[in-house]
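Below is one structure; the comments refer to it alone.
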Amino acid sequence: MPLPKDYISFNQIRTYRNCPRQYYFSYIENIRTAINDKVFLGVVFHDAADFYLKQKINGTTPGIEETSEYFTYTFNKMAEKTEIIWNESKEKAFKRGLAFIKYFVHDMAPGLKPMMTEKEIECKLPGSEIKLRGIIDMVEEDFSLTDFKTTTAKWSKDRVKKSFLQMYIYKFLFEESIGGFIKELKFKIVYSKNATGIKHQEHSIQAENVDMDKMFEIINFAIDNIEKGYFYKNEGYICNFCDYKNICSRTEI
Ligand code: SF4
């Protein structure tokens, strides 16, 4: 069967690797589910960080107040039209998100020299007509590429290691579509369980340590299996957090 969309993305590959059946529900059946408040906060944070970085690129860096106002407006506007599961109250989530963006502007952004922000890029995979697509958070003037994350707790080394596939994909997309050579890939992770004690951690990998062959192997494996219609269950711990667990238990395909 053909791919359900006319491109493959990191999110699709990650979902397939987590559980092929989950991929089936999400991308083949296109069953939409409510998003949880943590995901929602990440979306609003990225939008506000993009607001800040775009203006910085244009030479008019906004302050904390202006960026906070933008965050507040976006949070309320998006909350109105999005189905969200509030694990913590909406007010608590808002305060935590606002504290994140203030921390970003005050503690992280002054040292940044962005030349590109929140850019959707796609290009064909080598030797194939299939397109790979991704959205890059930021590339700086020194050709380092950053992905921002918001979370409740520090990432473990293992989690960082497992997450670099996303960055390899972005490196490939940037170099193929825009040109230039990405020298360093960085995760900047902002974390706290509440609106106080915000911290961030950074993890990076140098270009010479990027294994592109491995990346293509993983992408092609996912594409091949999707085209063959392999959507088996990967039952285990992740089922506890799966949006499709009720449907899954009563569905055979
Ligand atoms: S409940 Fe488990 S097996 Fe079923 S789709 Fe979700 S993760 Fe996969």
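Worth a mention:
- Every residue from region 147-169 that is farther than 21 Å from F216 by Cβ and under 11 Å from the mean Cα position of the chain (by Cα): F148, K149, T150
- Subset of region 239-253 [touching a helix residue (DSSP H, G or I) at 6+ places or on another chain (Cβ under 6 Å) and either over 17 Å from N30 (Cα atoms) or of a type in the set (A, V, I, L, M) (or both)]: C239
- The helices (runs of 4 or more DSSP H) located wholly in region 153-249 that include 3 or more residues which are without any contact (Cβ under 8 Å) to a residue 24 or more places away in the chain and under 30 Å from G97 (Cα atoms) occupy 157-177.
- Filtering region 96-139 to residues that are closer than 17 Å to I182 by Cβ and hydrophobic (A, V, I, L, M, F, W, C) leaves L112, M115, M116, I121, C123, L132, I135, I136, M138, V139.
- Members of region 24-34 that are crowded, with 16+ Cβ neighbours inside 10 Å and under 19 Å from the mean Cα position of the chain (by Cα): S26, Y27
- Residue in region 49-57 that is over 21 Å from the mean Cα position of the chain (by Cα) and either modelled with pLDDT under 95 or not charged (D, E, K, R) (or both) present: yes
- For region 7-23, filtered to residues that are of a type in the set (A, V, I, L, M, F, W, C) and in contact with a strand residue (DSSP E or B) (Cβ under 9 Å, 6 or more places away or on another chain), the residue that is surrounded by the most Cβ atoms within 10 Å (Cβ to Cβ) is I8.
- Of all residues in region 92-114 being more than 18 Å from T74 (Cα to Cα) and among the small types (G, A, S), the one that is surrounded by the fewest Cβ atoms within 10 Å (Cβ to Cβ): G111
- Screening I223, I205, I189 for residues that are surrounded by 13 or more Cβ atoms within 10 Å (Cβ to Cβ), of a type in the set (A, V, I, L, M, F, W, C), more than 16 Å from the ligand (Cβ to nearest atom) and over 19 Å from the mean Cα position of the chain (by Cα) leaves exactly one candidate, I223.
The values are calculated or read from the model by the stated rules, or taken from the named source; none is laboratory data. Everything numeric in this text was worked out from a predicted model, so none of it was measured. Every residue, glycine as well, gets a Cβ built from its backbone with ideal geometry; the counts of neighbours run over all protein chains shown.
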